[in-house]
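Here the structure is laid out as C-alpha cells; the discussion comes afterwards.
The values are calculated or read from the model by the stated rules, or taken from the named source; none is laboratory data. On a predicted model such as this, the values are computed, not experimentally measured, just so you know. No Cβ is skipped: glycine too gets one built from the backbone with ideal geometry, and neighbour counts run over all protein chains shown.
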Amino acid sequence: MAGGWARDGAVSEQIEASIADELKRMQARPRPSGESLTHCADCDEEIPAARRAAIVGVKLCVTCQSKRDRSFKPRGGMNRRGSKDSQLK
C-alpha cells in the first residue's frame with residue numbers, strides 16, 4: 001500500500017529499477033579475456049600457474065589484485081525520490 005501521492009507498488013518499482021540499473025552496470029564491466037600473463041602487470045612478479053589456469057586472462061598477481069580490491073570504493077546508489085525539500089520548492 002502506497003501513501004500520499006504515490007500509487008500502489010511505486011516503492012517496489014523504484015527498488016526493482018535500482019537493482020536492474022546496478023546489474024546492468026556490473027554486467028557492462030570489462031572481464032578479463034585472452035591469454036593470461038606469466039608475470040604481473042604491476043610488480044613484474046611471476047603469476048603462479050594455478051592462478052593463470054583458474055582465471056582466464058589474469059593480469060595481476062594475488063598481492064597486487066588484493067591491493068586493488070582494497071582500494072575500490074563502491075559508489076553510492078541513485079536517489080530516485082529526491083529530497084522532501086526539493087519537492088516543496
Contact list, first residue from segment 16-33 and closer than 20 Å to Ile55 by Cβ and without any contact (Cβ under 8 Å) to a residue 24 or more places away in the chain, second anywhere and surrounded by 10 or more Cβ atoms within 10 Å (Cβ to Cβ) and charged (D, E, K, R), beta-carbon distance below 8 Å, six or more apart or interchain, is none
Within segment 26-36, the residues that are surrounded by 10 or more Cβ atoms within 10 Å (Cβ to Cβ) and more than 22 Å from the chain's Cα centre (by Cα) are Ser36
Of those in segment 37-89 that are modelled with pLDDT of 65 or more, of a type in the set (S, T, N, Q) and outside any loop (DSSP other than H, G, I, E, B), the residue farthest from the chain's Cα centre (by Cα) is Thr63
